[in-house]
Amino acid sequence: MMAVPQAISNLQLRRAFRGYAAELMDCVETRSDAVVYVIDDNDRGISCFAGAEAAVSGCFIGLNPANHELHLLSIDNGLFKSPEGGVADCALIHADLFAFVEFKSNAEGKTQDSVTYTYEKAISQLEHTLEMFNAKLADIGLDFRKAVEVVCHIIVSPIFPRQSAMEMNYCMRFAIDNGVELSFDNQRIFSHTDNQNHTERTMTNENLMTAAEAQQWVESREWANGWSVNADKSIDALEFANQYHRNKALWDKLFKFLAETDPMTLEAGKKIVLEEGRLWINVLEYTPKSAEETNIESHRNFIDLQYTYEGNELMGLAGKVTPINEYDPVKDRTNYSTDEEIVYSPAPADRFFLYFPKDMHQPSVRSVENPGISRKLVGKIEYAK
């Protein structure tokens with residue numbers, strides 16, 4: 001029998017679900033890749049890991065930059081066999097994070113009624129799963145949501161008619177009703193540290209709100225100060241919320257400038273200082289290069305806000321990297337190489353990106369063979385330590 005992973009041992013899941021349709025460890029797969037792909041396999045009737053080459057558009061992606069062990073627990077048709085009320089398809093588990101996933105990637109959604117039915121059925125299944133896990137762990141003396149950060153995802157096909165306002169309402173209602181974050185994104189970053197190490201990223205004792213509250217805060221746009229551009233979904237919402245509230249005057253000054261300024265009127269190559277030594281904007285004009293020609297970088301003392309208002313480019317987030325130079329305190333930059341897959345997001349003119357000191361990012365990668373000229377604003381915001 002395989003050894004019980006620490007993440008599962010911590011929650012005593014084998015004990016909690018003893019006597020169910022399947023032995024819990026028979027329903028667990030483990031990977032430690034920088035990026036893992038989870039699919040709902042119709043042939044096998046369960047959720048399982050897939051290789052990058054087999055990953056399909058309706059998959060769930062676990063971003064694992066520290067190469068932690070991630071454990072996939074098959075729930076529907078695995079741990080449970082068609083329970084009344086339904087259950088989530090699976091969960092992707094790390095010691096600090098428990099992500100339930102419900103796939104609706106085959107939903108057609110041709111009418112408003114079918115979209116509503118799909119979402120509400122998925123939510124009902126997730127809520128029933130939460131109830132079962134809460135109850136089973138309570139039976140053995142554990143508070144599920146205090147023992148681990150719990151989140152939920154609903155995955156639909158890209159051809160499904162996405163309803164952003166409806167999805168936001170569902171997410172807010174779900175968080176209020178269940179105290180758990182709901183997301184319609186098909187990605188989740190698993191970057192917490194092991195328990196014996198210092199805690200990084202979202203799991204700090206200094207967080208000003210929970211992850212679910214931070215996501216709602218980002219979606220509320222109360223930070224925007226009149227700027228109409230949206231925050232990309234790759235942004236760490238909790239880090240954004242923490243940094244904004246610790247340096248509110250600085251962020252408000254930045255977003256006010258962006259709201260009141262037409263970037264097309266700005267001179268390329270100009271540095272616009274909004275607060276000396278703490279906040280400025282570089283106006284850039286360049287031709288994006290291929291990924292092979294573009295450096296991966298991180299910064300220690302400043303946060304990057306990157307906004308491509310004209311151009312054809314991608315923004316990348318890297319996982320496991322190797323430094324290729326010493327930290328340059330003048331440029332506040334370290335460059336890296338990687339043999340692992342980099343996750344890219346398109347950078348349209350209605351979206352901006354934030355990169356914090358722990359984000360190894362690869363900006364300005366061309367998205368087409370002949371991308372033309374890109375025009376971009378890069379804001380540098382003092383990082384509140």
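Since every read-out is calculated from the coordinates, none of them should be taken as a lab result. Bear in mind that the values here come from a model prediction, so they are computed numbers and not experimental data. Note: ideal-geometry Cβ built from the backbone for every residue, glycine included; neighbour counts use all protein chains shown.
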Practice item. Give me the number: length gained by fully extending THR322 to ASP262, i.e. 0.36 nm times residue separation minus the C-alpha to C-alpha distance, one decimal in nm. Key: 17.7 nm
Exercise for review: Could you tell me how many degrees, from 0 to 90 and to the nearest 10, lie between the Cα long axis of helix 164-178 and the main elongation axis, the longest principal axis, of the Cα atoms of the chain?
Suggested key: 50
Check your understanding: For the chain, what is the mean residue ellipticity at 222 nm derived from helices alone (per DSSP H run of n ≥ 4: -39500 (n - 2.57); sum divided by total residues; nearest 500 deg cm²/dmol)?
Key -> -7000 deg cm²/dmol
Review point. How far is helix 211-220 tilted off the main Cα axis of the chain, in degrees rounded to 10, range 0 to 90?
Key: 50
Review point. What nm distance separates the two modelled labels at ASP139 and ASP185, each placed 7 Å from Cα along Cα→Cβ?
Key: 3.5
Review point. Out of the range 16-45, which chymotrypsin sites (Phe, Trp or Tyr not before Pro) are coil in DSSP terms and have no more than 16 other C-beta atoms within 10 Å?
Key: TYR20
Review point. How big is the charge dipole of the range 6-189 about its Cα centre, in debye rounded to the nearest 20, if each Lys and Arg gets +1 on its Cβ and each Asp and Glu gets -1 on its Cβ?
Key: 220
Check your understanding: Cα to Cα, under 20 Å, and not fewer than 8 places away if on the same chain: which lysines meet these conditions relative to LYS110?
Key -> LYS121
Revision key, fill the gap. The distance between the Cα centres of the range 58-92 and the range 241-273, in whole Å, is 41
Revision key, fill the gap. Stretched fully, the stretch from ALA249 through GLU29 gains (0.36 nm per residue minus C-alpha distance, one decimal, in nm) 74.5 nm
Check your understanding: Helix 248-260 versus the longest principal axis of the chain: what angle, 0 to 90°, nearest 10, using Cα atoms?
Key -> 70
Point to revise | Alpha-carbon Rg/Rh ratio, for the chain, with Rh computed the Kirkwood way | key: 0.97
Review point. Can you tell which of GLU181, GLU275, GLU213 shows the greatest fluctuation in a Gaussian network model of the chain with Cα springs below 10 Å?
Key: GLU275
Point to revise | Stokes-Einstein translational diffusion, the range 6-189 - Kirkwood Rh over all Cα pairs, 1.002 mPa s, 20 °C, in µm²/s | key: 129
**Study point:** 11 Å beta-carbon shell around VAL218, net charge (K/R +1, D/E -1)
**Key:** -4
Review point. Hey, what D do you get for the range 211-382 in µm²/s if you plug the Kirkwood alpha-carbon radius into Stokes-Einstein at 20 °C and 1.002 mPa s?
Key: 130
